[in-house]
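Asks: Take this structure, written in structure tokens, and hold onto it; I'll ask about it next.
The values are calculated or read from the model by the stated rules, or taken from the named source; none is laboratory data. All values reported here derive from a predicted model rather than from experimental measurement. Cβ placement follows ideal geometry from the backbone for every residue including glycine, while neighbour counts extend to all protein chains displayed.
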Amino acid sequence: MAVVEINNVFKFYHDTEVEVKAINGVTLSFEKGDFAVIVGPSGSGKTTLLNLVGGLDQPTGGEILIAGHRLSELRPSELIDFRMDHVGFVFQSYNLIPVLTASENIGFIMNLQKWPKEKRIARTDELLSSVGLSERHNSRPSQLSGGQQQRVAVARALATHPEFILADEPTANLDSKSAESLLDIMEKLNHEEGMTFIFSTHDVRVMKRAHRVITLEDGKVVSDEKKE
Amino acid sequence: MKDYQLAWKNLWRNRRRTLITAASVFFAIFFALVMRSFQLGAYDRLFKNVIESYTGYLQLQQVDYFDDPNLDNSFEIDQALIDQMKKDPNVNDVVPRFESFALAAAGSHTQGVIVLGIDPNSEDKIMKISNKLVKYKLTSETIEKLRNASIPDHTKKLLDVFSNEAYSSEASLMNDLGISDEDSATILPVIRSHASFSNEFLTERDTSDVVIGDGLSEYLKAGVGDTIVLMGQGYHGTTAAGKYVVKGIIKLPAPDIDNVIVYIPIETARELYAAPGMATSAVISLDSNDDDDILQTGSRLQNIVSEPMTIKKWQELNALMVNQMEADNRSGMIMIALLYLVIAFGVFGTVLMMMAERKREFGMLVSIGMRKRKLAKIISIEMLLIGFLGVAAGVAASLPLVFYGNIHPLRFTGEFARMYEDYGFEAVMPTMLPDTFYLWQIVVVLMILVIAIIFSTRKIFRMNVINALRA
Amino acid sequence: MRSLIVIAAVAIGIFAGVFLMAAMNSSVVQRLDAAVNEELSHIQVNNKDFRSSADIQNIISDYPRVVAALESTPGVTKVTGRMIIRGIASTATKSSGVEITGVNVEKEKEMFTLSGKLIPGTGSYFETDTKFNTAFIGEKLAKELNIIRYIITPEAITSLREKGIPSNVVSKVETLQGQRYTSDKKFVKAYEKILAPGEIKKYGWKIKEAAWSYREGSKIILSFLDITNNQTGAAFRVSGIFRTNNDMFESLSLFVPIDELRQLTGMKEGTFHRVIARLEDNDITDDATPVIREKLADYEVLNWKEIQPDLAMIADFMGQIYAIFMIIILAALAFGIVNTMLMAVLERTRELGMLMAIGMNRRKIFMMIMLESIFLSIVGGFAGMAVSEIVIAITGKTGINLMKYSEGMEAMGYSAHLFPTIDAQFFVTTTILIVLTGIISAIYPARKALKLNPVEAIRGE
């Protein structure tokens, strides 16, 4: 079963008087273990597509399915919980709560789901070590480098065992070294645990490491290449 | 991580803003509390002075007397009724009085006066007037003598400020002349020897003696031992005239009364006005003077008493003062309301700024799974905490001032004092200890916060996550 | 957006402050005018012992000399002499202590506006020729002596209808027709029994006004001591009743033509207790007083400020009270301004850094922030002052009626009908304070801006 199915999805919206066709008929599907990247020039609809896939936005036309569930059939309150269970988000920046430490940030989402204390602590430690930041568990975001912050973000995104992780330009603010480290970890997670990753990016470094490159232009898929 | 813990942490990410906003709340609360405390303290004192030296909290009167305070509306004493009233659990005593107006003359000085016929023992028990007999007087001779006596210089300087003052208690003498407790042992005897005033109150055996107010004594130039003549209109229009000897001089804190009062034994008054066995009012003294107790006792007594008698409460007896105080009270409240209004804007401004600044963060939180409701709750707690900080600080800062002002009321001197006394107010400003008015200030701040909370909560619920993320 | 909030806050704060002050100020101004024009005039000359003991013997024996001294002083427009004794006024049922003032009727009319305060329909200021002794008394005293009645006459009913009182209310009032009520309170009690609370609130005072009745020429007895300290007295007819806003004055003051009083007391012709002078203007009081004092060193010379120092004090203090009040409001506003400016500085860190990098010197940046803050305050302040001007102008004409507190206020001598008015001076003070607030609020944020390191600032938050 596909992890994500995008069936003939359209997204139009009105920006003042002009109608913008952000997504103009996209059909895609992603399987478990995909390490895919969506590329395209600014305005091609990358972020919009990711927002739709993540359930943050509703398509004007077409259907999106995550793990077989139609998003359109979920009530708004169900959608919120559904997202928390099935989708992990990593943003370009502002991923973390500034007043909390790394482990508190990771634990935060488990708190929202009311996990018991021991389980939460155990999972947090596990995640921190899997992103290689165990010694920084007590640091606040302001005390971490950009790359480290993004790693914590990934750890947090993984906390609730989502089906896949959506990352919107995660390396945009990072230097090469940090970007490489981040990608290393993500690839490791993808390889060892079969975590599905869907990125949007401009970044060549990311494109190089991707196993699948989808190109968007004017809201349409113009190419979909799998690399081995 | 509990919600309030996160809220608390959030407060300190922008320390300056949090502190400035809390400081503005602190400013408003502190100022409001201190000002109200002084204002309410002054009113309270004013009322107490008049009530406890003159009108009492409850009075028994003939039903027409209140609207028409005329001897024709006096009543005959009904001992049975009085006994019945005394059975009430809160009633201590019921003391009849005979009060009227007269022209007092001493030598060639004349003044309109209130003649208050009293039963010396019972009246003294409930009004404690003998305590207010003048004990010390700083006449010009006294001051001359004291200047040459062995007392500290700063006290000597103050003698001029308080020349011609009369004192019924050592405490106020010490207060005015700046004599501390330690010095009192050495200084007071000196002052006593020069400034003491020999004085006595009325007893039931007196028939032609009177006790007059210090202000009146000054005006008529009549001291202890002097004779004054009282002339007035008696019962049913007869002429009333009589000669009396001043037995004592009293200092009442309410200048309005101090300047015109003549205490006379009730039998003598009845004789003077040709109204045997009559009384114009009876003061009801209570065991407890709590607001609620007064009200309830008043209603209970009203049920016992029937036409043509009635029970009057102190608010009615001092209706004019109540009216004046209300006006002043209102104007004070308006000013404070204005202050809070201004502060409210400050708080709203802060809320707006804070929401704008954290837009991206809010978007992120909601998209990773935080319910908007929870987010709104955390923000609300943040605001309540800031308010609480300001309130707590304001209350704490106000307490020392309020407590000090209660024990050592602000005392005016010189022209300012004269002005106060001309209007009939004692020239002091005490404070009122924390009472419901403290709660009111807190309520107001809470209301401001509630509005801010409603506003921010709406904004959060209206937030479009995607736009927020893009902010 | 947040600038708007700050401006709005300042505007409201200033408006309210100015308006409140105008209301209080007008109250004081009215009182002052009344005191000078109705009660005291400007200068009083007494025998040195007169005020400390009101002894009929403490007279001004050399009246012509005193008058000459006053009239020769620049600024003095009118002079008159009075006789003053304490006594009791009584009717069949009531009595009250009064200060009886013997006056020269013609001169008094020139110097005091009191004759103009006559309640229409109650007579005149000593204009009727009569063989009886006559007295001009205040409404409060008349009420105390039960001279004033409340009667619902047919004329009263008609006037109520004319005033637009609804007919169902008028019919209820009609049931009281013909009855006489000897006091305000009794009448109020009577109509409280038959009218609904809402009706009482709305029409109560109009009904009282219509029923107010006084029989011209009512009689009172005045008793006092004569020149030999013997009690004496006589019957007087009330010539007219006056109404002012000062209850104390109304209840204590009673005016009688001086010749009548002389006859009764035995005071010699040409002797007076007090000589009063009127000046051109309130403002020359302080200059004129010492001049007069020098000439009349053997008498006590007082001006109105000294007679009622509380009044003078309040008038003087008004300016200070206002400043303090505004300072408190502005301090409260300052918090908001500081927060806003701080936010502005923080938001524009990049921009500021850039400006500093390209060479804008610190001083200019400081001034820039300072000016912005002043601008916020001034816009808000002027808006507030403009609105307050308008409201003051409107209410200055229509007046604000604090009926609820009229009893208390008039007892202290203040009118309960306020006509807000304010000196231009207040606006000047306000503007200065506003600018100061803007400056002070800007200091902290401006210093923060100066501490920014341009390079870091450009790099972004």
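Asks: Given the condition in contact with a Phe, Trp or Tyr (Cβ under 8 Å, 6 or more places away or on another chain), in contact (Cβ under 8 Å) with a residue 24 or more places away in the chain and within 14 Å of chain C (Cβ to nearest Cβ), answer yes or no: does some residue in region B:377-386 qualify?
Replies: no
Asks: Could you figure out which of (1) crowded, with 20+ Cβ neighbours inside 10 Å; (2) in the same structural domain as C:ALA331 (by TED's automatic domain parsing) isn't true of C:VAL29?
Replies: (1)
Asks: Something else: Filter region B:208-219 down to the residues that are surrounded by fewer than 24 Cβ atoms within 10 Å (Cβ to Cβ) and within 13 Å of another protein chain (Cβ to nearest Cβ), then identify the one that is nearest to B:TYR167 (Cα to Cα).
Replies: The selected residue is B:GLY215.
Asks: Just for helices (runs of 4 or more DSSP H) wholly inside region A:94-189: which have at least 3 residues that are of a type in the set (S, T, N, Q) and under 27 Å from A:GLY33 (Cβ atoms)?
Replies: So the answer is A:117-130, A:146-158.
Asks: In the same structural domain as C:PRO445 (by TED's automatic domain parsing), within 25 Å of the chain's Cα centre (by Cα) and at pLDDT 85 or above: does that describe C:ILE400?
Replies: no
Asks: Also, quick follow-up: On the basis of being out of contact with any Asp or Glu (no Cβ under 7 Å at 6 or more places or on another chain), within 13 Å of chain C (Cβ to nearest Cβ) and not hydroxyl-bearing (Ser, Thr, Tyr), does B:VAL283 make the cut?
Replies: no
Asks: Now for a different question. If you take the residues of region A:186-207 that are hydrophobic (A, V, I, L, M, F, W, C) and crowded, with 19+ Cβ neighbours inside 10 Å, which of them is modelled with the lowest pLDDT?
Replies: A:VAL206
Let's see how each residue does on (1) in contact with a strand residue (DSSP E or B) (Cβ under 6 Å, 6 or more places away or on another chain); (2) away from chain B (no Cβ under 14 Å); (3) surrounded by fewer than 15 Cβ atoms within 10 Å (Cβ to Cβ):
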| residue | (1), (2), (3) |
| --- | --- |
| C:TYR181 | yes, no, no |
| C:LYS186 | no, no, no |
| C:LYS193 | no, yes, yes |
| C:ILE200 | no, yes, no |
| C:SER213 | yes, yes, no |
| C:THR228 | no, no, yes |
| C:GLY240 | yes, yes, no |
| C:ASN246 | no, no, no |
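Asks: From the residues in region C:86-109 that are in a helix (DSSP H, G or I) and in contact (Cβ under 8 Å) with a residue 60 or more places away in the chain, which one is surrounded by the fewest Cβ atoms within 10 Å (Cβ to Cβ)?
Replies: Residue satisfying both the conditions and the ranking: C:VAL105.
Asks: Next question, about the same structure. I'm told C:MET83 meets every condition in (1) out of contact with any His (no Cβ under 6 Å at 6 or more places or on another chain); (2) in a strand (DSSP E or B); (3) more than 10 Å from every other protein chain (Cβ to nearest Cβ); (4) of a type outside the set (Phe, Trp, Tyr) except one. Can you identify the failing condition by its number?
Replies: Exception for C:MET83: condition (1).
Asks: Same structure again: May I ask you to verify whether B:ASP78 is modelled with pLDDT under 85, surrounded by fewer than 20 Cβ atoms within 10 Å (Cβ to Cβ), among the acidic types (Asp, Glu) and closer than 30 Å to C:GLN231 by Cα?
Replies: Spelling it out, it is not the case that B:ASP78 is modelled with pLDDT under 85, surrounded by fewer than 20 Cβ atoms within 10 Å (Cβ to Cβ), among the acidic types (Asp, Glu) and closer than 30 Å to C:GLN231 by Cα.
Asks: Give the number of residues within region C:11-62 that are of a type in the set (D, E, K, R) and away from chain B (no Cβ under 14 Å).
Replies: Selection size over region C:11-62: 5.
Asks: Now a separate question. If you check C:GLU110 against the conditions, is it within 19 Å of C:SER41 (Cβ to Cβ) and either within 14 Å of another protein chain (Cβ to nearest Cβ) or out of contact with any helix residue (DSSP H, G or I) (no Cβ under 8 Å at 6 or more places or on another chain) (or both)?
Replies: yes
Asks: Output the qualifying pairs, or none if there are none: Cβ atoms under 7 angstrom, residues six or more apart or on different chains, first residue in region A:82-94 and within 9 Å of chain B (Cβ to nearest Cβ), second residue in a helix (DSSP H, G or I) and among the basic types (Lys, Arg).
Replies: A:TYR94/B:ARG360
Asks: Could you figure out which of (1) more than 18 Å from C:GLU127 (Cα to Cα); (2) modelled with pLDDT under 80 isn't true of C:ILE207?
Replies: Among (1) more than 18 Å from C:GLU127 (Cα to Cα); (2) modelled with pLDDT under 80, C:ILE207 violates only (2).
Asks: Take region C:340-387 and flag every residue that is surrounded by fewer than 17 Cβ atoms within 10 Å (Cβ to Cβ), at pLDDT 85 or above and either outside the structural domain of C:PRO420 (by TED's automatic domain parsing) or among the small types (Gly, Ala, Ser) (or both).
Replies: Scanning region C:340-387 gives a single hit, C:ALA386.
Asks: Continuing with this model, one more query. Yes or no: B:PHE66 more than 23 Å from the chain's Cα centre (by Cα), among the aromatic types (Phe, Trp, Tyr) and not in a helix (DSSP H, G or I)?
Replies: yes
Asks: Regarding B:GLY112, is this residue away from chain C (no Cβ under 14 Å) and not in a helix (DSSP H, G or I)?
Replies: no
Asks: So, restricting to helices (runs of 4 or more DSSP H) that lie completely within region C:161-218, which ones have at least 3 residues that are of a type in the set (S, T, N, Q)?
Replies: In region C:161-218, C:167-174 are the helices (runs of 4 or more DSSP H) which contain 3 or more residues that are of a type in the set (S, T, N, Q).
Asks: Being more than 30 Å from B:ALA241 (Cβ to Cβ) and either surrounded by fewer than 17 Cβ atoms within 10 Å (Cβ to Cβ) or within 11 Å of chain C (Cβ to nearest Cβ) (or both): is that true of B:ASP64 here?
Replies: Against the criterion (more than 30 Å from B:ALA241 (Cβ to Cβ) and either surrounded by fewer than 17 Cβ atoms within 10 Å (Cβ to Cβ) or within 11 Å of chain C (Cβ to nearest Cβ) (or both)), B:ASP64 does not qualify.
Asks: Something else now. Test each condition in (1) at pLDDT below 90; (2) buried (at least 19 other Cβ atoms within 10 Å of the Cβ); (3) part of a strand (DSSP E or B) for C:LYS78 and report the one that comes out false.
Replies: The number of the failed condition is (2).
Asks: What about C:ILE390, is it assigned to a helix (DSSP H, G or I) and either at the interface with chain B (Cβ under 9 Å from one of its Cβ atoms) or surrounded by fewer than 16 Cβ atoms within 10 Å (Cβ to Cβ) (or both)?
Replies: Criteria met by C:ILE390.
Asks: Let me confirm something: among A:GLY25, A:GLY33, A:GLY45, which residue is touching a residue at least 40 places away in the same chain (Cβ under 8 Å) and over 18 Å from the mean Cα position of the chain (by Cα)?
Replies: Only one candidate passes the filter, namely A:GLY25.
Asks: Condition test on B:ALA166, is it under 26 Å from the mean Cα position of the chain (by Cα), of a type in the set (A, V, I, L, M) and modelled with pLDDT of 75 or more?
Replies: Yes, satisfied.
Asks: Would you please name the residue that is surrounded by the most Cβ atoms within 10 Å (Cβ to Cβ), looking only at residues in region B:220-265 that are without any contact (Cβ under 8 Å) to a residue 40 or more places away in the chain and assigned to a loop (DSSP other than H, G, I, E, B)?
Replies: B:VAL224
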